[in-house]
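Any read-out appearing in this document is the output of simple, stated calculations on the displayed coordinates, not a laboratory observation. Just so it is clear, the structure is predicted and the values come from calculations on it, not from any experiment. Using ideal geometry, Cβ is built from the backbone for each residue, glycine included, and neighbour counts are taken over all protein chains shown.
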Amino acid sequence: MKAFKNYPDHVESIAHIIEGAAAEAEETRRLPAPLLAALHEAKLFRLLLPAAYGGGEVDVLTFFRTIEAVAKRDASTAWCLCQANGCAMAAAYLEPTVAQQIWGDDPSAVLAWGPGAKSRAVMVDDGFRVTGNWMFASGGRHANWLGGHVTVRNGDGSPLLADDGSVVISTMLFPAAEAVMTDVWDVIGLRATGSDSFSVKDLFVAKDYAVSRDDPAARRCDTALYQFPAMSLYAMGFSGTALGIARSMLQSFMELAGEKTPRLARNPLKDDGVIQTEVALADARLSAARAFLIDEISGIWQAVTACGQLTIDQRMRIRLAATYGIHQAREVANMVYELAGATAIFTSNPFERRFRDINTVTQQLQGRRSHFRTVGAYQLGHPADMTVI
């Protein structure tokens with residue numbers, strides 16, 4: 001496999017493949033095989049994977065810029081890459097021989113996972129018996145490993161408790177072939193992510209395939225990247241997804257404005273003073289939100305690289321900037337969709353799918369408006385809500 005250091009630039013070199021696959025991916029709700037091959041060839045599923053297992057182990061700004069570049073071409077592809085890369089960070093917390101088996105020995109390895117409220121793992125000799133059903137497994141249809149987030153239970157069925165009295169939560173990893181996939185992803189946007197559900201019943205998982213995500217005591221790769229929790233990287237990546245969608249929509253509208261004269265109007269859209277104002281403001285909104293996020297993550301990366309620690313304050317700044325970027329992007333995208341008029345409703349034009357995609361992004365955990373409240377409460381002296389940062 002080739003190694004690419006400038007990942008965002010390489011995304012541009014395969015942009016025609018990403019864009020060319022979008023219609024088929026939307027129809028089948030899967031990323032097509034030729035597109036997957038190109039993504040693997042570029043090692044885009046390995047941006048956040050430790051270098052020891054053939055990963056890029058990139059800095060956080062490179063990760064953001066790469067996902068943003070993909071999202072300008074297709075949001076579902078960007079979403080799948082962001083999700084898979086967040087999952088790949090688990091390699092930093094696994095026993096090395098297990099991480100090597102999953103990623104190091106297989107250049108096309110992809111891990112996908114999702115939440116499962118009633119899922120459980122009962123402790124047995126040398127491992128666990130796992131039963132559960134998990135939802136929102138983005139990229140699960142092209143993954144060869146799956147992970148199930150579970151509550152861990154003792155042999156008698158009682159919850160296993162940590163030293164602080166909390167119930168132990170772990171993520172069990174197993175080959176995708178061991179699970180039953182259920183087609184539930186009949187949705188309006190991000191259709192090609194194939195975020196279906198999967199289940200297992202009484203599946204044995206060896207203890208070395210259980211990972212405590214983001215637990216500093218379990219971390220085996222201590223470089224700067226793995227001081228960041230997966231939640232922070234998801235925030236950056238999905239904000240990049242939203243900003244990429246909105247930027248591509250704005251660019252498409254600017255091209256349309258030079259060509260379209262609305263029915264009953266005398267002049268093209270580009271001559272309309274209201275349109276001119278809105279385009280300028282949209283550009284400012286996207287540029288400002290992007291600059292805010294880049295400034296925060298760049299400064300935080302430099303600080304973490306220097307001191308080897310990510311603070312709660314820094315995690316809150318990432319949450320604030322990422323959420324702000326997502327919501328500014330949606331405002332711009334929705335404005336563009338409205339200004340494009342009836343042109344925007346046709347699937348053959350570059351607005352309708354992106355409109356649905358960005359409004360699906362904001363329905364997901366990373367796009368919740370309540371994150372502003374979480375940050376504001378912390379800034380005003382309340383205890384930090386660690387579940388969303």
Checklist entry - Under the Karplus relation 6.51 cos²θ - 1.76 cosθ + 1.60, θ = phi - 60°, what is the ordered set of whole-Hz ³J(HN,Hα) values for the stretch 210-218, x standing for Gly and Pro? => result 9, 10, 9, 5, 6, 8, x, 5, 9
Checklist entry - What list of ³J(HN,Hα) couplings, whole Hz, do you get for the stretch 233-250 from phi and the Karplus terms 6.51, -1.76, 1.60, once you set θ to phi - 60° and write x for glycine and proline? => result 5, 4, 4, 4, x, 6, 5, x, 4, 5, 5, x, 4, 5, 5, 5, 5, 5
Next on the checklist: Output the 0 to 90 degree angle, nearest 10, between the alpha-carbon long axis of helix 273-307 and the longest principal axis computed from the alpha carbons of the chain.
Outcome noted: 30 degrees
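Which of the residue pairs Lys118/Lys207; Lys43/Lys118; Lys43/Lys72; Lys72/Lys118 have a Cα-Cα distance greater than 28 Å in the structure shown? Each step should come with its number before you reach the end.
Numbers: Lys118/Lys207 20 Å; Lys43/Lys118 35 Å; Lys43/Lys72 19 Å; Lys72/Lys118 37 Å.
In this structure, Lys43/Lys118; Lys72/Lys118 lie more than 28 Å apart at Cα.
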Next on the checklist: At 7 Å along Cα-to-Cβ for each site, give me the label-to-label distance between Asp163 and Thr311 in nm.
Outcome noted: 2.5 nm
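Arranged from highest to lowest average of other beta-carbon atoms within 10 Å per residue, in what order do the peptides 179-188, 54-63 appear? Can you show the working numbers first?
Working: 179-188: 13.9, 54-63: 20.7.
The densest-packed peptide leads the list: 54-63, 179-188.
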Next on the checklist: Rounding to the nearest 10 and keeping the result within 0 to 90°, find how far the Cα-based axis of helix 312-339 lies from the longest principal axis of the chain.
Outcome noted: 40 degrees
Checklist entry - Which value, in debye to the nearest 20, gives the size of the charge dipole of the chain about its Cα centre, when Lys and Arg are +1 and Asp and Glu are -1 at the Cβ? => result 600 debye
Checklist entry - What ranking of His142, His382, His10 emerges when the number of other C-beta atoms within 10 Å of each C-beta is taken as an exposure proxy, fewest first? => result His382, His10, His142
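Any idea what the dipole of the stretch 195-296 comes to, in debye rounded to 20, about its Cα centre with Lys/Arg Cβ at +1 and Asp/Glu Cβ at -1?
180 debye
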Item to check | C-alpha long axis of helix 370-379 to longest principal axis of the chain, angle in ° | outcome: 70 degrees
Checklist outcome for this item: Ranking His327, Gly273, Tyr378 by how far each Cα lies towards the positive end of the charge dipole of the chain (+1 on Lys and Arg Cβ, -1 on Asp and Glu Cβ), the top one is Gly273
